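Written out below as structure tokens is the structure these notes cover.
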Amino acid sequence: MGGKWIEVLKEIDPRVARVAVIFNPDTAPQAGFILRSIEVAAPSFAAEPIAAPLHDAAGIESTLAALGQRAGGGVIVMPDAFTTTHRDLIVALAARHHVPAIYPFRYMIAAGGLISYGNDALHATQQVALYVDRILKGIKPGDLPVQQPTKFELAINLKTAKALGLEVPPTLLARADEVIE
């Protein structure tokens, strides 16, 4: 997933050269795995990944302010309870500091975020329901295979892109599942 986030972020803003990955290590147990995938993919996109573990709103402010001081900064917002709780602040500070950011959830785009790429929550919920049904019918949970998300969605907020001075490539718009104007 990390490589795809960098790819989409670079596609919407090719100037991105430094990518801060924001997360709270206390609420993102998957952070190490995702960071490794970003670090592996980053050189092929001419991007420098920067791990940015955060614990409070002041950390969000300082990280985004620092990225906005020089051209070429971008942000990957990792999926965790901390970034979800602080999504409005992250969106507002990314806009204030003119930093393009990619988010893991579509609803963050409706809140004013630039672009999101992540698993389709409705499809994932349906898959969970199928597992619950199988368990209720007597199958032991340990006998069920582990499943990875198979359906992903891309959402773009054109109003935010315009405010950041970005022209969204037609190829990216064509792939989008949702475009907010």
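Annotation: of all residues in segment 36-52 being among the small types (Gly, Ala, Ser) and assigned to a helix (DSSP H, G or I), the one that is farthest from residue 164 (Cα to Cα) is 37. Filter segment 148-168 for residues that are assigned to a loop (DSSP other than H, G, I, E, B) and farther than 20 Å from residue 4 by Cβ and give the result. Across segment 148-168, the qualifying residues are 164, 165, 167. Between 22, 34, 50, the distinction of being under 15 Å from the mean Cα position of the chain (by Cα), aliphatic (A, V, I, L, M) and buried (at least 21 other Cβ atoms within 10 Å of the Cβ) belongs to 22 only. Considering segment 1-52, the residues that are free of Cβ contacts under 8 Å to residues at least 60 places away in the same chain and among the acidic types (Asp, Glu) include one that is nearest to residue 64 (Cα to Cα), namely 48. Considering each residue of segment 140-181, count those that are of a type in the set (Gly, Ala, Ser), over 19 Å from residue 99 (Cα atoms) and surrounded by fewer than 16 Cβ atoms within 10 Å (Cβ to Cβ), and give that number. Of the residues in that region, 2 qualify. Mind listing just one residue for me: the one in segment 111-122 that is surrounded by 14 or more Cβ atoms within 10 Å (Cβ to Cβ) and more than 19 Å from residue 10 (Cβ to Cβ) and, of those, modelled with the highest pLDDT? Top of the filtered list is 112. The set of residues from segment 61-79 being out of contact with any Asp or Glu (no Cβ under 8 Å at 6 or more places or on another chain) and crowded, with 22+ Cβ neighbours inside 10 Å comprises 63, 64, 67, 73, 75, 76, 77, 78. Among the residues of segment 53-109, those that are in a loop (DSSP other than H, G, I, E, B), more than 13 Å from the chain's Cα centre (by Cα) and either closer than 22 Å to residue 17 by Cα or among the basic types (Lys, Arg) (or both) comprise 54, 69, 70, 71, 72, 97, 98, 99. For segment 80-106, how many residues meet the condition of being surrounded by fewer than 14 Cβ atoms within 10 Å (Cβ to Cβ) and more than 19 Å from residue 34 (Cα to Cα)? The number of residues fulfilling the criteria is 3. Across segment 132-181, the number of residues qualifying as under 30 Å from residue 15 (Cα atoms), at pLDDT 80 or above and of a type outside the set (Gly, Ala, Ser) comes to 24. Restricting 17, 46 to residues that are of a type in the set (A, V, I, L, M, F, W, C) and on the phi > 0 side of the Ramachandran plot narrows the list to 46.
Annotation for segment 6-15: no member residue is closer than 19 Å to residue 157 by Cα, hydrophobic (A, V, I, L, M, F, W, C) and part of a strand (DSSP E or B). A Cβ distance below 6 Å, combined with a sequence gap of six or more or placement on separate chains, defines the contacts here; from segment 137-163, residues that are free of Cβ contacts under 8 Å to residues at least 24 places away in the same chain reach residues that are assigned to a loop (DSSP other than H, G, I, E, B) and surrounded by fewer than 10 Cβ atoms within 10 Å (Cβ to Cβ) in the pairs 158/181.
The values are calculated or read from the model by the stated rules, or taken from the named source; none is laboratory data. Computed from a prediction, not measured in an experiment: that's the story for all the values here. Cβ: placed from backbone, ideal geometry, glycine included. Neighbour counts: every protein chain shown.
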